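Structure first, commentary second.
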Amino acid sequence: MATGGRAAVKQVRLLNRTRGTVIAERAEVANTWFSRLRGLIGRPTLEQGEGLIIVPCNSVHTFFMGFPIELLFVGEGERILRATSAIGPWRIGPIVPAARYVVELPAGALAASGTVAGDVLEWETR
């Protein structure tokens, strides 16, 4: 398992270890200054099975985006501190001070994987 602040991994498979489900088959890791700054800006969409993991991070915005996203705020031990559904474009997400990183997912991904706050994540390096 790779975790948030370690090696510069480009893409991972994101699993919900608590529920035994796949959250994202292809999650990109944004762990450089530029990749964190850019995030999903400029993308036409985020397909089902995709995601973006922003490390370190405890809040995001959806300015300059044209589609809704769902958010996972993840703290120590890979535990989800907060799960937020369907944040539309041009919004500011919540601030979760204890979050180590944030996962951005397409709308519907949380329900499809049964993911809720309190669940534990696992990363598989691709």
With charges only on Cβ, +1 for K and R and -1 for D and E, what is the dipole size of the chain about its Cα centre, in debye, rounded to 20? 220 debye
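Helix-only estimate, please: 222 nm mean residue ellipticity of the chain, summing -39500 (n - 2.57) across DSSP H runs of length 4 or more and dividing by its residues, to the nearest 500. Before the final figure, lay out each step's value.
On the way: 2 runs with 11 residues, N = 126.
Result for the chain: -2000 deg cm²/dmol, rounded to the nearest 500.
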Two-site label geometry, GLN11 and THR125: point separation in nm, points 7 Å out along Cα→Cβ: 1.6 nm
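For the chain, report the accessible area per residue in Å² (1.4 Å probe, heavy atoms, rounded to an integer).
On a per-residue basis, the chain sits at 49 Å².
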For the stretch 62-104, what is the charge dipole size about the Cα centre, in debye to the nearest 20, if Lys and Arg each add +1 at the Cβ and Asp and Glu each add -1 at the Cβ? 100 debye
For a quick check, take a GNM of the chain with Cα springs below 10 Å and name the residue from PHE73, PHE63, PHE34 with the largest mean-square fluctuation. PHE34
Nearest 0.05, what FRET efficiency do ALA117 and GLN48 give at R0 = 25 Å with Cβ-Cβ as r? 0.70
Net charge within 11 Å of ARG100 by Cβ-Cβ distance, Lys/Arg positive one each and Asp/Glu negative one each, not counting ARG100 itself? -1
Can you give me the P(r) profile for the chain? Cα pairs, bins 5 angstrom wide beginning at 0, each as a whole percent. 2, 12, 24, 28, 22, 10, 1
The simple spin-label model distance between ARG38 and SER59, using points 7 Å out along Cα→Cβ, in nm, is 2.5 nm
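The values are calculated or read from the model by the stated rules, or taken from the named source; none is laboratory data. Since this is a predicted model, take the numbers as computed values, not measurements. Positions of Cβ are generated from backbone atoms using ideal geometry, with glycine treated the same way; all protein chains shown enter the neighbour counts. Ligands, DNA and RNA are excluded from the accessible area calculation, which covers all protein heavy atoms including side chains. Shrake-Rupley method; radii C 1.70, N 1.55, O 1.52, S 1.80 Å.
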